[in-house]
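Just below is one structure, and these are the notes that go with it.
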4 protein chains.
Amino acid sequence: MANIENLKARVLIDCEDAKGLVYKTSKVFFEQNLNIESNREFVDPENGRFFMRSVVSGDFSVAELKNKLISVLPSNANCRVIEPNRKKIVIFVTKESHALGDILIRHSDGELDVDIVAVIANHNTLGELVGRFDIPFIHICAENICREEHESSVIDILKKIDFDYIVLAKYMRILTPTFVSQFDGKIINIHHSFLPAFIGANPYKQAYDRGVKIIGATAHFVTNDLDEGPIIAQDVVGVSHRLDWRDMQRAGRDVEKIVLSRALSLVLNDRVFLNGNKTIVF
Amino acid sequence: MANIENLKARVLIDCEDAKGLVYKTSKVFFEQNLNIESNREFVDPENGRFFMRSVVSGDFSVAELKNKLISVLPSNANCRVIEPNRKKIVIFVTKESHALGDILIRHSDGELDVDIVAVIANHNTLGELVGRFDIPFIHICAENICREEHESSVIDILKKIDFDYIVLAKYMRILTPTFVSQFDGKIINIHHSFLPAFIGANPYKQAYDRGVKIIGATAHFVTNDLDEGPIIAQDVVGVSHRLDWRDMQRAGRDVEKIVLSRALSLVLNDRVFLNGNKTIVF
Amino acid sequence: MANIENLKARVLIDCEDAKGLVYKTSKVFFEQNLNIESNREFVDPENGRFFMRSVVSGDFSVAELKNKLISVLPSNANCRVIEPNRKKIVIFVTKESHALGDILIRHSDGELDVDIVAVIANHNTLGELVGRFDIPFIHICAENICREEHESSVIDILKKIDFDYIVLAKYMRILTPTFVSQFDGKIINIHHSFLPAFIGANPYKQAYDRGVKIIGATAHFVTNDLDEGPIIAQDVVGVSHRLDWRDMQRAGRDVEKIVLSRALSLVLNDRVFLNGNKTIVF
Amino acid sequence: MANIENLKARVLIDCEDAKGLVYKTSKVFFEQNLNIESNREFVDPENGRFFMRSVVSGDFSVAELKNKLISVLPSNANCRVIEPNRKKIVIFVTKESHALGDILIRHSDGELDVDIVAVIANHNTLGELVGRFDIPFIHICAENICREEHESSVIDILKKIDFDYIVLAKYMRILTPTFVSQFDGKIINIHHSFLPAFIGANPYKQAYDRGVKIIGATAHFVTNDLDEGPIIAQDVVGVSHRLDWRDMQRAGRDVEKIVLSRALSLVLNDRVFLNGNKTIVF
């Protein structure tokens, strides 16, 4: 097994907490003569769980490093050693373009180090925009068919595509438990509200009716508990009585797109760990 | 009726919208030869309601100005002409001092132009702090008596006091509908959460369990719909997975006290109009 | 002169303060039987200047309304009556795409009600992106020629184009006083820093070296005082010691694009008045 | 040297970066059978400097742990092992009470785990407030004497007091280089501006004149470079053209007091490392 010179890798560990984990892993790094470029750990005191993300560099073999780490970690530890790679995403959209557009621009100028393998939409509104960026746009109409039938068509497409994450960039359809369970921890959604507030349809109308002075947006992993998956990122913007709900929606869109892109960047850089229904973000 | 030279007054109007309201009121100001120091209007397009707050100065009689304004406004208009005055508040507390302490300091250095006529508490924890500022502290123990009995004692005290507003500065008891209805639009509360989120007990524990990345606080008027009264002010602060719920509570307290004091200042300056379950804040 | 039914117009007044201005203008509105959809005034107490922005609707003639208003205003008042129109902008860029891209997306989905008549660049890096949106891209190379020569070529282009504003979307060249004076109050810039901080080149490196915990961006009108024109909008984002200056730059770009688009939207909606070296934003 | 059962200590290391530092220190922790309750490291890649803050618990001797750590660290490493202790501060004030008051309230309710050994003031305005909290107030008048003479009196007082930090809670006098050099890294200031902006007198007037849309505050260590010491914390608040400079000052005070108290809390918890003219905040 040949070593690669000046290899750089992300080491991601997630296991039950135990004494000496930092010592044992850093011993492996030291014996492999690695540079630790960054290193962050966190112990969830409530659940006794240990999380670590290190970026290491040197002349080493990924497989060998992983094996050595596994040998010092608890038996059921999750341990990944990943060369920084260009991940692949599929984006789901409906009609609104702001979140999609933000990702397309960041992708086009190289800020988001990602391949967008396809955009799948239940309306064809955004086909023109996606086409401008030479990215495949697949319209799967949901009208006059049941939810399962529509998802079945979507899954047929997904089976033919190699991807790491599904990004719901204002995809206005609820996914079935069957669908979600097939892509556990792989679906990222932008929720048009400051969770846990205003769950459900038209949160900006709800926010307007409630007379709030701040609105927000939440990026989260999708679970089968609607709008209740682990939160990755959130942000807010101030509003006043002068804004009607459409103005609030407009203001909210800026927050939505920034929060989704921020969350996506964190996930693509392997900075997000799942911890039950919460996230650890390094 | 003698005019007062260089009088300054706040004119507060709230009525059904109609054509010419700005014209008719500004005509009154013009004919009285008043300076308009500031002037803000808002029309709620949904409910067809007009709100105006003007600060005027000149040589005039408050009563005469009010009469002239009423004569040009719709018959059921609310019209107040108020000389900027030192309002009176009663503060209700339980055990936590941060919100109370912030008001006491602002009061002591003259930033909050208000008289604190009494602090009423269901525990005696904060008696020492209040005593340091030479403000009456009244402990009405709530143990071993029913809610109605306790409130009855509180109301006995309130009957003997002249006050404009009741400020719930982390008062951890729920007021009965009977109590609230007696002080409609006169009770200001700081809610330890970013409404409409995490209603109920220990919102910081709820926020921690939910893994949010932002926490907030909400100052609102109290209605009989628990935590659902008209919002006056809100603010937020970012948090991370590193904070346990007690850390979140600590971070939240800073937001709570600033938001309550900001709301209180707005109310004391007659900048807040009630508009159904919402507020207009000029 | 035929009246147009259900016309809507923005009335923008800017003049020396005097008694009765609100009365006199609202009298004109009333006599023309107009609906006032929104109305905001501000008096700068320091300079004794009055600003007003009203949105009125009804059956009226723009020219007649303007004449009537002028007849009641001080002789040197600025008074504009504008039908909400689709303004025209020219965008200047260099190599960075984030601010341009954000405008292109908002333009493409109709959020920004504007015509982008051309993008002018001193590098051709962004030609491909602009081409994707079928917008004219004009590359005027600045190499091996003096500043005046380059600007002269730019002005030749501008003379052939009808436009309202020039938007500097990360245009990394300093404009000469001659150029700026030709487009007074018509050039909007996004400054990659929280003005008045870190004036000059590479503010993110400066911010990193200074160890700041917050970075920001400022949209402003361009005057001949470098980075010192009237501020339209600002925003910030928190940073930490973990970010190197390139990370800060990345974080700053999100703020830059949102702030520029927000400022542009305010200007396009005629919500921004110049007041010496400051702005009034309604 | 007897071990103490269930001792908790903060380990603070600051040294040139070298391979194996995490390994070597965590080996010491492991061999001492310590629990690592939290652990944060940072390597400044520009200056090749390593920073670590660990909280450890177990049955151990502070002196022995420190010796063992020193034996594995580079020869000129700074290494401290500190039992969480109640630090002592002296607060310097002039006339404004908001920053002082915020510390007094947090101190009085136990939120700030600190002893305020004295408040030293160059005016007696705040004597009454400080007296309310039974804290020594020392008025050293600065009138009609030169700066050196005044500081000499202050230093006479400080010599008799045991303290860890001097907190300038809106102390409106400039300290001489002689004074500052005696308390290097021990003086914390709240600057009434978002550094690096508006250095010098009356920054709120400067901010008003500049027409900014956001104002802020900066807590920093004091060095002899006026307003240029290492930044600990910053925050901001939005403002508008409606605020005159006194309103801005009022809004700024809320930010000032929160930022100073936040910085103080970080310093008291040994979370702040100095790194040249910057800070590392864990």
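The values are calculated or read from the model by the stated rules, or taken from the named source; none is laboratory data. Just so it is clear, the model here is predicted, and its values are computed rather than measured. Here Cβ is always computed from backbone atoms with ideal geometry, including for glycine, and neighbour counts include all displayed protein chains. Just the protein is used for accessible areas: all its heavy atoms, side chains included, with ligands, DNA and RNA removed. Shrake-Rupley method; radii C 1.70, N 1.55, O 1.52, S 1.80 Å.
Considering only the range C:194-206, I want to know if a residue exists there that is within 30 Å of C:ASP113 (Cβ to Cβ) and within 23 Å of the chain's Cα centre (by Cα).
Filtering the range C:194-206 for residues within 30 Å of C:ASP113 (Cβ to Cβ) gives C:194-195.
Checking the rest, the ones that are also within 23 Å of the chain's Cα centre (by Cα) come to C:194-195.
Yes.
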Criterion violated by D:PHE179 - all others in (1) touching a residue at least 40 places away in the same chain (Cβ under 8 Å); (2) in contact with a helix residue (DSSP H, G or I) (Cβ under 8 Å, 6 or more places away or on another chain); (3) open to solvent by less than 20 Å² (accessible area, probe 1.4 Å) satisfied: (1)
Residues satisfying the stated conditions in the range D:92-111, i.e. of a type in the set (Ser, Thr, Tyr) and touching a residue at least 60 places away in the same chain (Cβ under 8 Å): D:THR94
Residue satisfying condition, being within 10 Å of the chain's Cα centre (by Cα), within 14 Å of B:ILE190 (Cβ to Cβ), among the hydrophobic types (A, V, I, L, M, F, W, C) and within 11 Å of chain A (Cβ to nearest Cβ), within set B:ILE232, B:ILE215: B:ILE232
Selection from the range A:228-271 of residues that are under 30 Å from B:ASP44 (Cβ atoms) and outside any helix (DSSP H, G or I): A:GLN234, A:ASP235, A:VAL236, A:VAL237, A:GLY238, A:VAL239, A:SER240, A:HIS241, A:ARG242, A:LEU243, A:ASP244
Residue check, D:PHE163 out of contact with any helix residue (DSSP H, G or I) (no Cβ under 9 Å at 6 or more places or on another chain) and aromatic (Phe, Trp, Tyr): yes
Any helices (runs of 4 or more DSSP H) falling wholly within the range C:52-156 and containing at least 3 residues that are open to solvent by less than 10 Å² (accessible area, probe 1.4 Å): C:98-108
Count of the range A:66-90 residues which are more than 30 Å from A:ALA18 (Cα to Cα) and touching a helix residue (DSSP H, G or I) at 6+ places or on another chain (Cβ under 6 Å): 1
Looking only at the range D:253-271, and only at residues there that are more than 10 Å from every other protein chain (Cβ to nearest Cβ) and surrounded by fewer than 24 Cβ atoms within 10 Å (Cβ to Cβ), the one that is farthest from D:ARG80 (Cα to Cα): D:LEU266
Conditions (1) over 30 Å from D:LYS257 (Cα atoms); (2) within 14 Å of chain D (Cβ to nearest Cβ); number of the one not met by B:GLU83: (2)
Failed item in (1) in a strand (DSSP E or B); (2) surrounded by fewer than 19 Cβ atoms within 10 Å (Cβ to Cβ); (3) of a type in the set (Gly, Ala, Ser), with C:ALA18 passing the rest: (1)
Enumeration of residues in the range B:182-193 that are buried (at least 21 other Cβ atoms within 10 Å of the Cβ), at pLDDT 90 or above and away from chain A (no Cβ under 14 Å): B:ILE187, B:ILE188, B:ASN189
Residue identified as more than 14 Å from chain B (Cβ to nearest Cβ) and hydrophobic (A, V, I, L, M, F, W, C) among C:LEU65, C:LEU21: C:LEU65
Qualifying position, being over 18 Å from the mean Cα position of the chain (by Cα) and within 14 Å of chain B (Cβ to nearest Cβ), among D:ASP113, D:ASP102, D:ASP134: D:ASP134
Hits in the range D:194-203 - residues which are surrounded by 24 or more Cβ atoms within 10 Å (Cβ to Cβ) and modelled with pLDDT of 75 or more: D:PRO203
Residues satisfying the stated conditions in the range B:157-170, i.e. open to solvent by 20 Å² or more (accessible area, probe 1.4 Å) and of a type outside the set (A, V, I, L, M, F, W, C): B:LYS159, B:LYS160, B:ASP162, B:ASP164, B:TYR165
Any hit, the range D:16-37, residues being of a type in the set (Phe, Trp, Tyr) and within 30 Å of D:LEU168 (Cβ to Cβ): no
Residues located in the range A:26-41, provided they are open to solvent by 50 Å² or more (accessible area, probe 1.4 Å) and more than 8 Å from chain D (Cβ to nearest Cβ): A:GLU31
Leading residue by the ranking (farthest from B:GLY252 (Cα to Cα)) among those in the range D:235-252 that are more than 14 Å from chain C (Cβ to nearest Cβ) and touching a residue at least 24 places away in the same chain (Cβ under 8 Å): D:GLN249
